[in-house]
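Contents: one structure, followed by commentary.
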Amino acid sequence: MRVVSALGGNAFVPAGEALTAEGEHRFARAALAHLGPFLVPSVEILITHGNGPQVGHQLERVERSIGTAYPLPLDLCVAQTQGELGYVLAQALSEVMRRRGMVRPVASLITQVEVRADDVAFHHPTKPVGPVLAPERVSELRSRGATVVEDPGRGPRRVVASPEPVRVAETEVIRRLLGAGVVVVAAGGGGVPVVMSDGETHGMEAVIDKDHTAALLADELDADLLLLLTDVPCAYTDFLGPRPARVGLVSAAQARALTQMGHFAPGSMRPKMEAAARFAGRAGRRAVICDPAGLESALRGESGTTVIPDG
């Protein structure tokens, strides 16, 4: 059995708590403990993760160190936070397996994900990144061609493109590691966005949705199961309205229809439902959306949201 599991980046920061290094380790150990049944040698498992809060803090450091340290472009910030959380998750995985009496190698990969240079997203940046900006920084960034918009309730923030992932550069490496029994952590934060031009690779100022990359990787690896673990127990229709209702078992077509009806928030549950429908569109696959604590019952169909092939 081959499984791809995606951990939400915001899940590393419990509601009402500040992001800390120790908190990351604590969450990783707690969340991955629920993946214990998938860490047995008979299961090939790849773990991806979000890194939105970590990238935001890294950009905050960049802003505060202007004039005293060399600046970091966004693609390097994504790569650095991939390394940070890959290290945290690798440690937690080894600990969870030791507690279960298992010994398996773990590898964490800095992962590049190819996007198209002509993706329409580059003409319409929408993804907020980094800290709220001081007025002088707004002018400076705009003079350099960056897009800055008002983030409601917060203030001016930079926004970047969120292009669709096309290809994961390290897919074959991941495939070989999984086949060798290695538990793999890869494609953190959706991967480092790159484009290919004249045989060369160039990093891009963009953020790829990690759920879309997880679905792409699961498809490229011909996985059996896609787990999208987040900080809510399932998807809901009318989530913030007067009559929220759990989305339980649905077909890929039903998931797409509910998404097109506008039930799921962009940047939140919408990409998860899109990813689940995309992956579960072929026979023999299923995708599950739930929180880590509800994983066992979600796999039994008693909770969570499960997307299966049509028919």
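It is to be established whether one or more residues within region 6-13 are among the hydrophobic types (A, V, I, L, M, F, W, C), within 17 Å of the chain's Cα centre (by Cα), modelled with pLDDT of 90 or more and part of a strand (DSSP E or B).
Yes - at least one qualifying residue is present in region 6-13.
Would you pick out the residues in region 89-143 that are hydroxyl-bearing (Ser, Thr, Tyr) and surrounded by 13 or more Cβ atoms within 10 Å (Cβ to Cβ)?
If the condition is that a residue be hydroxyl-bearing (Ser, Thr, Tyr) and surrounded by 13 or more Cβ atoms within 10 Å (Cβ to Cβ), then Ser94, Ser108, Thr111, Thr126 are the ones that fit.
Just wondering, is there one or more residues in region 229-240 that are touching a residue at least 24 places away in the same chain (Cβ under 8 Å), crowded, with 19+ Cβ neighbours inside 10 Å and in a loop (DSSP other than H, G, I, E, B)?
Checked against the condition, which is being touching a residue at least 24 places away in the same chain (Cβ under 8 Å), crowded, with 19+ Cβ neighbours inside 10 Å and in a loop (DSSP other than H, G, I, E, B), region 229-240 yields at least one hit.
Could you please find all residues in region 247-275 being in a strand (DSSP E or B) and of a type outside the set (Gly, Ala, Ser)?
Result: Val247, Leu249, Val250.
Tell me which residues, restricted to region 189-214, are surrounded by fewer than 17 Cβ atoms within 10 Å (Cβ to Cβ) and either without any contact (Cβ under 8 Å) to a residue 40 or more places away in the chain or closer than 25 Å to Gly284 by Cα (or both).
The answer is Asp198, Gly199, Glu200, His202.
Within region 178-189, can you find the residues that are out of contact with any Leu (no Cβ under 7 Å at 6 or more places or on another chain) and within 11 Å of Leu7 (Cα to Cα)?
Gly189
Okay, residues lined up against (1) modelled with pLDDT under 95; (2) surrounded by 21 or more Cβ atoms within 10 Å (Cβ to Cβ):
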| residue | (1), (2) |
| --- | --- |
| Glu172 | no, no |
| Val184 | no, yes |
| Leu216 | no, yes |
| Ala252 | no, yes |
| Ala265 | yes, no |
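Do we have any residue at all in region 53-61 that's acidic (Asp, Glu), within 21 Å of Ala293 (Cα to Cα) and more than 16 Å from the chain's Cα centre (by Cα)?
No, that holds for no residue.
Have a look at Thr68, Thr81 and point out the one that is surrounded by 22 or more Cβ atoms within 10 Å (Cβ to Cβ) and in the same structural domain as Arg104 (by TED's automatic domain parsing).
That would be Thr81, the only listed residue that is surrounded by 22 or more Cβ atoms within 10 Å (Cβ to Cβ) and in the same structural domain as Arg104 (by TED's automatic domain parsing).
The values are calculated or read from the model by the stated rules, or taken from the named source; none is laboratory data. Keep in mind it's a predicted model, so treat the numbers as computed, not measured. Every residue, glycine as well, gets a Cβ built from its backbone with ideal geometry; the counts of neighbours run over all protein chains shown.
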